[in-house]
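Novice: Encoded as C-alpha cells, here's the structure I'll be asking about.
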Amino acid sequence: MKATVTAHSDFTISQVDDRVYSAFLEHLGRAIYTGIYEPGHPTADKDGMRGDVVELVRDLNIPYVRYPGGNFVSAYNWEDGIGPQENRPVRLDLAWHTADGNAVGVHEFMAWCDTVGTKAMLAINLGSRGLDEARNFVEYVNGPVGSYWGDLRKKNGHAEPFNVDMWCLGNEMDGPWQVGHKTADEYGRLANETAKTLRAFDKNLQLIVCGSSNSDMKTYPEWERIVLEHTYESVDYISLHMYFANRAKHTQNYLALNHKLDRYISTVEGTINLVKANKRSTRDVAISFDEWNVWYHSNAQDRAILEGNSGWPHAPRLLEDIYNFEDVLQVGCILNTFIRKSNVVKIACIAQLVNVIAPIMTEPGGAAWRQTIYYPYYFASIFGRGVALNLAVKCPGYDADVADNVPYLDIAATHDAEAGTVTFFAVNRHPTEDLIPEIALHGFGDLQVIDHQVMTHANLSAVNSLTAQATVTPSKGQGAKMENGTLSVALKPHSYTMIRLARR
Ligand code: AHR
C-alpha cells in the first residue's frame, strides 16, 4: 500500500516540550518498594535504591517524575515520610487497600531523582486534606532555613531547599473513587485558594489543576470549564489522564484509540480557549497529560486485593501489566499524538515507570528488565526532541469504532535544526500489507539516513519476561533510501519504525 508524506522545515507545529517524556511513580504495589527501593538487593546503593533500575531509568533521559500519587496522594500525609525511617508510621493506603511503612518519603525520592538525573513533580493531597497542609508541604520542600519548615528539613538532613518547581493540585478530583472526591465547583474553589496561597510563597511555582480522569467521565468536559473558570488566573496547566485497553481483543479498534486521545486534547484545548476568552485573559494555560499508558492486562488478577479480600498487604503485585508487542504499536501511536499536539500538550507522564503499568519490571532480589513498551518510549524520549513538523499525510484508512477513516499510517516527525536532524516515528496499522510511504522533504538541506530502527513480531501477543527478556526488541531496519529529497521505506504490517536523517 502506498502513502505520501510531505515535510517542510517551515511547516511546523511547535517546539516539543522535553517534559512530554516525563514519567510517574506512585506508592502503589511494587513501584516504590522492590521497584526503585530494595535495601539488600545486590545492586542497591547506600540508600537502598536499586542500581539496576537506576541504569534503565537513566537511559530514558526522563525530564520529570510525578510523585507520590495518583489515587494514593488523596489520603497521604506527607509528614509520615520524613524524619528517621525507624520512627515512621505504617499507614493503611485507602486507595489500593495496602499498607505502607513510609520508608520512602520526599527526601528519599528527591535523592533518587538526583541519582537518575531527573526532576520531581510533586502532588499535593487535596482529597482528605487541604490548603494548610499544601502550604506546609511546599514550605517544607522549598522553604528557607530559618523558618519552621526549612529548619525541620535541615534537621532531617537537607539544609538546601529542594526547589521543586512543579506541583499538582490534587489528583483526579472528578473521580467518585477518589478519597475526598469533589464537585467541579468545590474543587475549583479549593484549587484556586490553594494556588493563590502557594503563589504567595513563590510566584514562580508551576501549578497543575485537575482536569478529567478520562474523556468518558460524565462530568467531562464541563468539569474542565468550571474548574478553569475558578482557577484560570492562578494555574499554568490542566491535567488530563487516559488509559488504553484492548479488552475486546480487536486490534484495529485498539490501534485507533489515539484518535479518541486526539479529540480529548482538542476539546480541552477549546475549553481552555473558551475560558480564556470569557475572562478576557492574556494568560495561557496548557495541558499536562500526566497519566497515560496501556492498562488492562492485570485487571482480573488485581481484583482480590482491590476489593479488600486480601487484608492490607505491603507492596503486593498490583497493576503489573505484562505488555505485548501490540502495545508497542499503541504506545508508538500515543507518543506520536503528543508530538502532533505539542502546541498545547507541554507535559506528559507515562504511568507508571517501574512494575506498576510500567516499561520497567523487577524481580525482588533478582533482575530488572525492559518491557516491550520501553522501546517506543525510549526512542521518542531520546530522539523526539526539537520542533514538531506539520506533516501532510495521504494514506488509505479504515473505519474503527472511535473514528472513521483511520489512516493505516500513523506518523510524527521532529526537526532539530541545530543538530541538522529530522526524525520520523511511524506505525503501520495495516495487519497484512506493507506500507510504502514516499516522504518528500523540503528545506532541510541534503539529508542522509543515519539510523533506522524497526519493531515487528509475528505474534502480537509476544511479551518480555524475567526468563525471556529479549523476545520483543528493536532491530536495525533495512532498505530506507534518501534520493532526490525523498525518503522511501517499506513499513512491515503491524510495525513500529524510527528513521533518523542528518545533513551530509
Ligand atoms: O496510575 C494508576 C492510577 O490511575 C492512579 O493512581 C490514578 O490517578 C489513576 O486512576
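Novice: Which ones in segment 378-405 are of a type in the set (A, V, I, L, M, F, W, C) and surrounded by fewer than 22 Cβ atoms within 10 Å (Cβ to Cβ)?
Specialist: 382, 383, 387, 391, 392, 393, 395, 400, 402, 403
Novice: Output the residues belonging to segment 436-450 that are in contact with a Leu (Cβ under 9 Å, 6 or more places away or on another chain) and in a strand (DSSP E or B).
Specialist: 436, 437, 438, 439, 440, 441, 447, 448, 449, 450
Table: residues versus (1) basic (Lys, Arg); (2) surrounded by fewer than 14 Cβ atoms within 10 Å (Cβ to Cβ); (3) under 16 Å from residue 486 (Cα atoms).
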residue	(1), (2), (3)
407	no, no, no
412	no, no, no
423	no, no, yes
429	yes, no, no
439	no, no, yes
442	no, yes, yes
461	no, yes, no
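Novice: Also, quick follow-up: Name the one entry in 211, 127 that is among the small types (Gly, Ala, Ser), crowded, with 23+ Cβ neighbours inside 10 Å and within 27 Å of residue 283 (Cα to Cα).
Specialist: Unique residue meeting the criteria: 211.
Novice: For segment 152-246, list the strands (runs of 3 or more DSSP E) that sit wholly inside it and hold at least 1 residues that are closer than 30 Å to residue 85 by Cβ, away from the ligand (no atom under 16 Å from the Cβ) and acidic (Asp, Glu); which are they?
Specialist: In segment 152-246, there are no strands (runs of 3 or more DSSP E) which contain 1 or more residues that are closer than 30 Å to residue 85 by Cβ, away from the ligand (no atom under 16 Å from the Cβ) and acidic (Asp, Glu).
Novice: Looking at (1) of a type in the set (Asp, Glu); (2) buried (at least 24 other Cβ atoms within 10 Å of the Cβ); (3) under 19 Å from residue 501 (Cβ atoms), find the lone condition where residue 327 falls short.
Specialist: If we test residue 327 against (1) of a type in the set (Asp, Glu); (2) buried (at least 24 other Cβ atoms within 10 Å of the Cβ); (3) under 19 Å from residue 501 (Cβ atoms), just (3) comes out false.
Novice: Can you tell me which of (1) surrounded by 22 or more Cβ atoms within 10 Å (Cβ to Cβ); (2) under 26 Å from residue 392 (Cβ atoms) is the one residue 6 doesn't meet?
Specialist: It is condition (1) that residue 6 fails.
Here, each number is a calculation from the coordinates, and none is a lab measurement. Everything quoted here is computed from the prediction, not taken from an experiment. A quick note on method: Cβ atoms are made from the backbone with ideal geometry, for glycine too, and the neighbour counts reach across all protein chains shown.
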